[in-house]
Amino acid sequence: MNVENNIIKMYYLKAIQWFMVAMPIIVLFFQDHDLSLTQVMILQAIYSTVIVLFEIPSGFIADVFERKNIIFLSTIFSFFGYLIFSFFSGFYYFVIAQILVGIGGSLVSGSDSSLIYDTLLELKKNETYTKIEGKNYAIGNFSESIAAILGGYLALTSLSLPIYIQTTVLFFSIPISLTLVEPSINKKNRVEKSIKSMIDIMKFAIIKNKKIRYLIIYSSIIGFATLSMAWFVQPFLIEIHFYLGYYGILWAILNFTAGITSYNAYKIYDKMKSYNLLIFISLIMSVSFIMLGLNITYLGLVFIFFIYLIRGIVTPILRNEININIESNKRATVLSIRSMFIRLTFAILAPILAYISEINFSLTITFITMGIIVGAVSFFSLYQLKKID
């Protein structure tokens, strides 16, 4: 079977999986079910912890077996997770749902980018990866933008209605994932089916290959920043008394913004040296968080937009930086290690930052702390990368 249609199918999957009508009001949905902000962040920490636990094994399984099968399993877990959100209520039921969705997220993480890269490699078009990955990420953001407008509107009727719609949409990702075709390069270069092989790849990424190590550390702190912003937007909007009816519209604009920069990331990547671009990303990200902390007003929305502009750029660029430095039979595992570190950082820091905001009755200290952490860790990683080059 021809792999050529894999790219378009991955676009469809991204559009469906990111059609998250629930996201603009998910914090409100949890709070409507009597969860505190700390419990909300604990749920997200649980989600991230599950991804941490399953991330590397799932990436390794994808390298050993077929990535298309792992992507199919991810759609199943995500769908059943949202079924629980739809028909059950309470913190502990939501914990179970987050675990299922977390497993689904860990299964697709690494497998999707690996399938795209190896498909392009087989088609002898791997030099277009940054463009394709950027377009894929942009489709996701555009899909989330459209969904956000719908979700915000539906929330005026019921905070549960967007969850029902989300569950229904996720169902359609299942049949699409079944039609994916495994690239022959992955079939020919399978790694050995053993724990030792998985550990060897982990050693390669974290210990032996210094460039990959610091790219992963850099990715983890920048990924933590963008992921945290997605979850702190709603508490920020609550604090500035933003009208609920406009939540979806604002969420749509933010994600559309990220989609535009993601779609054009390859152009930016071609014009700037990668190292200089990473410096620019670190500077904008850290300063934006600090300025946001100092402006818990409508003016703060400007700095949130800056963060989302950078969010659109970082994913395709950082994935490409890692892809070009690893072999095909290690690709999904190494990309999963990257995602694991992002989620691990979030799982540790997000509940602490949420707690800080609650005891101070303000997000000011939280955002300033995030800006300092992001700046310190990212510039340390860049310094180490410069020494290697």
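Residues HIS33, HIS241, ranked from the fewest to the most other C-beta atoms within 10 Å, line up as HIS241, HIS33. Cα gyration tensor of the stretch 58-156, axes a ≥ b ≥ c as square roots of the eigenvalues: rounded (a/c below 1.5), prolate (a/b > b/c) or oblate? Oblate is the answer for the stretch 58-156, as a/c is 1.5 or above yet b/c matches or exceeds a/b. Annotation for ILE388 and ILE279: the two label points, set 7 Å from Cα along the Cα-Cβ direction, are 1.8 nm apart. Give the label of the value calculated from the structure for Rg and Dmax of the Cα atoms in Å, choosing from [x] 22.0, 70; [y] 20.6, 63; [z] 19.7, 59. Correct label is [z]. Coupling constants for the stretch 86-93 follow from the phi torsions by the Karplus curve (6.51 cos²θ - 1.76 cosθ + 1.60, θ = phi - 60°), and in residue order they are 6, 10, 10, 9, x, 4, 6, 5 Hz; glycine and proline get x. The residues neighbouring PRO175, those whose beta-carbon lies less than 14 Å from its own, together hold a net charge of +2 under the Lys/Arg +1, Asp/Glu -1 convention. Secondary-structure-derived ellipticity at 222 nm for the chain, considering helices only, amounts to -26500 deg cm²/dmol, per-run term -39500 (n - 2.57) for DSSP H runs with n ≥ 4.
Under the criterion of Cα pairs below 8 Å and six or more residues apart, the relative contact order for the chain equals 29 percent. Computed about its Cα centre, the charge dipole of the chain is approximately 1300 debye, with only Lys, Arg, Asp and Glu carrying charge at their Cβ. Highest mobility in the GNM of the chain, judged by mean-square fluctuation with C-alpha springs under 10 Å and restricted to MET198, MET41, MET272, is found for MET272. Remark: the Cα gyration tensor places the stretch 1-59 in the oblate category, a/c being 1.5 or greater and a/b not exceeding b/c. Looking at the stretch 63-104, the chymotrypsin sites (Phe, Trp or Tyr not before Pro) that sit in a DSSP loop and have at most 15 other Cβ atoms within 10 Å of their own Cβ are PHE65, PHE88. Across ILE368, ILE46, ILE199, mean-square fluctuation computed from a Gaussian network of the chain (C-alpha pairs under 10 Å connected) peaks at ILE199.
Our coupling estimate for the stretch 32-46, obtained by passing each phi through the Karplus curve with A = 6.51, B = -1.76, C = 1.60 and θ = phi - 60°, is 5, 9, 6, 9, 7, 4, 4, 5, 4, 5, 5, 4, 5, 5, 4 Hz, Gly and Pro reported as x.
Converting phi to 3J(HN,Hα) with the Karplus coefficients 6.51, -1.76 and 1.60 and the offset θ = phi - 60°, the stretch 241-252 yields 6, 6, 5, 4, x, 9, 4, x, 5, 4, 4, 5 Hz in sequence order, with x at every glycine or proline.
A cut-off under 14 angstrom between Cβ atoms defines the neighbours of THR364, and their net charge, with Lys, Arg +1 and Asp, Glu -1, is -2.
Values in this text are rule-based calculations from the coordinates and carry no lab data. Since the structure is predicted, the reported quantities are computational estimates derived from the model, not experimental observations. Here the Cβ is made from the backbone with ideal geometry for all residues, glycine too, and neighbour counts use every protein chain on show.
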